[in-house]
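What follows is a short report on a single structure.
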Amino acid sequence: MEIVTNDHIKCNQALVGLYDVYDPEIGLNVVDLGLIYGINFNEERKEIEAVMTLTTQFCPMGESITNDVKQSVGTAFKDYKVNITLTFEPSWSPDFLTPEGEAFLNG
Amino acid sequence: MFAGSATGLQKTTSHKVVLPFYVFAAISFLLGCVLLLLNTGIVHQHYFQPQTLAITHLMALGWGTMIILGANHQLLPVLIEGKLDSDLLACLSFVFAAIGIPMLVTGFYLFNTGLLLQCGAVLVNLSVACYFINVFTSIIESKRYDVHAWFIATAALWLFATVFFGLLLVFNFSRPLLPDNSVEYLSLHAHMGIAGWFLLLIIGVGSRLIPMFLISKYTSTTMLWWIYALINAGLAGFILLKTLKVFSQYYYTPFLLVLIALIIFGNYCYKAFKVRIRKQLDEQMKISLLSVALLVLPLACLLLVIYFISGEEKSNIVLLYGFCIFFGWITAIILGMTFKTLPFIVWNKVYSARAGGKTPAPKELFSERLFKLMALLYLSGFVLFAAGIAILGNMLLKSGAVCLLASAMLYVWNVFKTLFHEPVK
C-alpha cells in the first residue's frame, strides 16, 4: 500500500526509523507489514500526523506498536510534535504487505 | 516521553482479569494428570464412578473451561471488534469458579452428593452466568453480529445450559427432580458441553485466529454458517432423540450432521493453510493444528459405540471417547494456544508502555526447548494411555500417565516462567 504524504523527502526520513519498529507477534516491521497509511507534515504548527492501522482493531499489541511509531518519528524530527491517528478504513489485509514483507514471511 | 495513547486506540482487557484463569487452569491440568496416574484402575470399571467423574469435571471445567474463559475475555474484543463490557463480571466469574470447581471435584471424588457437591455446582452456575451476561452485553454493545459473534454467543448459551442441567443432576442425587436416575442423563449433559460449548467455541474462535496467525487471506462466511447450523442441528437432534428415548441406532443422524460440520471445518483449515503467507509454522501452531486432526479419534469411538459395540466393552470405548476429547483434542489445542496468547498478555503487561529500546520478542518469554519436550511427552503419553484403555494394558496406562504428568509439569513450569518474567533493563 502506498504511503500518502505531503512531503516525500521528509516521509522517507521518517520511514528509515520505522523500519526498526516491529509487530512483536509477526516479527516484521510496520512499514513492510503495510500498517503505515500516511505521514503528513504541518510546517506552520510543527506537527506530524502519522496515520496508521493495526492488523486487527483490538490488537493486544496496539498500544506498544503506536508508542514505538510515535517515538521513532519523534526521534527523527525532534522539533515536531507527533500525533498518531489510528484508522480502520480500510482495515488491514495481507494485500498491504510490501514485496519485502511477503518475502520475509515466505522465508 | 513519547508514550501516550494514539487517537482511535482501543483498550484491550486488563491482564489482571485474564491471568488468574491461566494459573487456575495450569494447576488443574497438573492435578488432573496426578489423579489420572493415581487412578489408572478406573478403566477397568464402569465410567460412572467417583474418580472418573472427578477427573472428567476437573479436566472439563478446571482445565478446558477455565483457560477458554480466560483467553476469551482477552480475545472477545478482537473477535467482535468491541470491548469487553465488564471487568467486574469477568472477575466474579473467576472467583465463583475458583471456589466452586474444587468443591465440585472433591464432592465427586469422595462421592459426597450432599452440600459439598451442591454448593460447588451452584457456584459454577453463578460463574457461568456472569460469563454469559458479559458475552451477551459485550456483543450487543459492539453491534457486530457476524458469524463469529454467533458462535461465541451460542457456545455461551450451551455452556449455561450444560452447567444448569448439571446442577439439576447433582440435586437429583438426593431428591428426585428428574423422571430418571442421573446416570441416564449423563450423555446428554456431556454432549451439551462437548459439542455445544467446546466444539462451537473452538471452531468459532479458531476460524478467526487460524487465518490470522497464518496470515492467510482465506475466509468463507458461508462455510462457517453451515458449520454453525449443522452442529446446532446435530446437538438439538440428539437431545430430542434422547428425550423421546428413541432407539440408539437412530443416533446416526445427529452424528452425521456433526461429522459433516467437522469435515467442512477441516476443509476450511486446510484452505486457510494452503494460501497462507507466513510459511514457517511455529511449534505452538503445529500442535494446535494437530488437535484438529485429533478430532478423528473421538468420532471413531462414537461410531463404535453407536453401531458395533455393546456390553462391557462399550463402557471401555466410552472412556476412550472421553479421554480422546479431554486429554486429546481439548488438551492439544490448549497446550498450543496457551503459548500463542499468554506470552503476549504478559509482554503487554511488562513492555507496552515502554516505547523503543530493546525488548525481547513475546516468544522469548517462555522456553521453546521445554515446549518441544512437553509436546513430545504429551503426545507419547496420550498415545500410550489411549492404547492402554483400548487393550486394558496396565503398563501402558501407567507409562502413559507418567508421560502426561511429566508434560503437565513442564507446561506449568513454562506458564510460571512466562508469568514471572522480569523486564529486560
With (1) buried (at least 19 other Cβ atoms within 10 Å of the Cβ); (2) free of Cβ contacts under 8 Å to residues at least 40 places away in the same chain; (3) aliphatic (A, V, I, L, M); (4) more than 7 Å from chain B (Cβ to nearest Cβ) as the list, and A:ALA103 as the residue in question, which single condition is left unmet? (1)
Pairs needed: first member in region B:9-22, within 18 Å of B:MET66 (Cβ to Cβ) and at pLDDT 85 or above; second member anywhere, crowded, with 20+ Cβ neighbours inside 10 Å and aromatic (Phe, Trp, Tyr); C-beta distance under 7 Å; at least 6 residues apart or different chains. B:PRO20/B:PHE94; B:PHE21/B:PHE94
Mind listing just one residue for me: the one in region A:52-98 that is over 17 Å from B:GLU81 (Cβ atoms), out of contact with any Leu (no Cβ under 6 Å at 6 or more places or on another chain) and aliphatic (A, V, I, L, M) and, of those, farthest from the other protein chains (Cβ to nearest Cβ)? A:ALA76
Just for region B:36-81: of the residues that are touching a helix residue (DSSP H, G or I) at 6+ places or on another chain (Cβ under 6 Å) and free of Cβ contacts under 8 Å to residues at least 40 places away in the same chain, which one is surrounded by the fewest Cβ atoms within 10 Å (Cβ to Cβ)? B:ASN39
Pairing a residue in region A:46-68 that is at positive phi with any residue that is surrounded by fewer than 24 Cβ atoms within 10 Å (Cβ to Cβ), where Cβ atoms lie under 9 Å and the two sit 6 or more apart in sequence or on different chains, gives A:LYS46/A:PHE77; A:LYS46/A:ASP79; A:LYS46/A:TYR80; A:LYS46/A:LYS81
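Condition test on B:ALA390, is it of a type in the set (Gly, Ala, Ser), in a helix (DSSP H, G or I) and within 30 Å of B:GLY196 (Cβ to Cβ)? It would help to see each step written out before you state the result.
On the way: of a type in the set (Gly, Ala, Ser): yes; in a helix (DSSP H, G or I): yes; within 30 Å of B:GLY196 (Cβ to Cβ): yes.
Criteria met by B:ALA390.
Can you name every one of the helices (runs of 4 or more DSSP H) wholly within region B:184-270 that holds 3 or more residues which are without any contact (Cβ under 8 Å) to a residue 24 or more places away in the chain and over 19 Å from the mean Cα position of the chain (by Cα)? Step through it out loud before you land on a result.
Working: elements: B:186-191, B:200-214, B:221-243.
Answer list for region B:184-270: B:221-243.
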Are any residues in region A:9-47 among the polar types (S, T, N, Q) and over 22 Å from A:ASP79 (Cβ atoms), and if so, which ones? A:ASN29
Tell me which of these B:HIS46 doesn't satisfy, since it passes every other one: (1) away from chain A (no Cβ under 14 Å); (2) part of a helix (DSSP H, G or I). (2)
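Would you mention how many residues in region B:82-93 are assigned to a helix (DSSP H, G or I) and either surrounded by fewer than 24 Cβ atoms within 10 Å (Cβ to Cβ) or at pLDDT below 95 (or both)?
Looking only at that region, the number is 5.
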Within region B:411-425, is there a residue that is surrounded by fewer than 22 Cβ atoms within 10 Å (Cβ to Cβ), among the basic types (Lys, Arg) and free of Cβ contacts under 8 Å to residues at least 40 places away in the same chain? yes
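What do you reckon, is B:GLY204 at pLDDT below 95, crowded, with 16+ Cβ neighbours inside 10 Å and more than 24 Å from B:PHE308 (Cα to Cα)? Talk me through it step by step, then tell me what you get.
On the way: at pLDDT below 95: yes; crowded, with 16+ Cβ neighbours inside 10 Å: yes; more than 24 Å from B:PHE308 (Cα to Cα): yes.
Yes.
Mind telling me which of the residues B:PHE132, B:PHE96, B:PHE136, B:PHE108 ends up being aromatic (Phe, Trp, Tyr), without any contact (Cβ under 8 Å) to a residue 24 or more places away in the chain and in a helix (DSSP H, G or I)?
On the way: B:PHE132 fails: without any contact (Cβ under 8 Å) to a residue 24 or more places away in the chain; B:PHE96 fails: without any contact (Cβ under 8 Å) to a residue 24 or more places away in the chain; B:PHE108 fails: without any contact (Cβ under 8 Å) to a residue 24 or more places away in the chain.
Answer to the selection: B:PHE136.
Looking at B:SER380, B:SER315 in this structure, which one is surrounded by fewer than 21 Cβ atoms within 10 Å (Cβ to Cβ), among the polar types (S, T, N, Q) and without any contact (Cβ under 8 Å) to a residue 40 or more places away in the chain?
Values: B:SER315 fails: without any contact (Cβ under 8 Å) to a residue 40 or more places away in the chain.
The match here is B:SER380.
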Filter result (hydroxyl-bearing (Ser, Thr, Tyr) and in contact (Cβ under 8 Å) with a residue 40 or more places away in the chain) within region B:169-183: B:SER174
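Do we have B:ALA408 as more than 11 Å from chain A (Cβ to nearest Cβ), surrounded by fewer than 22 Cβ atoms within 10 Å (Cβ to Cβ) and not in a loop (DSSP other than H, G, I, E, B) here? Talk me through it step by step, then tell me what you get.
Numbers: more than 11 Å from chain A (Cβ to nearest Cβ): yes; surrounded by fewer than 22 Cβ atoms within 10 Å (Cβ to Cβ): no; not in a loop (DSSP other than H, G, I, E, B): yes.
Against the criterion (more than 11 Å from chain A (Cβ to nearest Cβ), surrounded by fewer than 22 Cβ atoms within 10 Å (Cβ to Cβ) and not in a loop (DSSP other than H, G, I, E, B)), B:ALA408 does not qualify.
Looking at the structure I just gave you, is A:ILE39 crowded, with 23+ Cβ neighbours inside 10 Å, in contact (Cβ under 8 Å) with a residue 40 or more places away in the chain, more than 8 Å from chain B (Cβ to nearest Cβ) and touching a Cys at 6+ places or on another chain (Cβ under 8 Å)? Walk me through how you get there before you give the answer.
Details: crowded, with 23+ Cβ neighbours inside 10 Å: yes; in contact (Cβ under 8 Å) with a residue 40 or more places away in the chain: no; more than 8 Å from chain B (Cβ to nearest Cβ): yes; touching a Cys at 6+ places or on another chain (Cβ under 8 Å): yes.
In short, no.
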When (1) over 10 Å from the mean Cα position of the chain (by Cα); (2) more than 9 Å from chain B (Cβ to nearest Cβ); (3) at negative phi are applied to A:GLU25, the one that fails is (2)
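Residues checked against (1) buried (at least 22 other Cβ atoms within 10 Å of the Cβ); (2) of a type outside the set (A, V, I, L, M, F, W, C); (3) within 11 Å of another protein chain (Cβ to nearest Cβ):
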site: B:ILE287; (1), (2), (3): yes, no, no
site: B:LEU304; (1), (2), (3): no, no, no
site: B:ILE330; (1), (2), (3): yes, no, no
site: B:PHE339; (1), (2), (3): yes, no, no
site: B:VAL350; (1), (2), (3): no, no, yes
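The values are calculated or read from the model by the stated rules, or taken from the named source; none is laboratory data. Because the structure is a prediction, the values reported are computed rather than measured. Because the Cβ atoms are built from the backbone with ideal geometry, glycine has one as well, and the counts that use them run over all protein chains shown.
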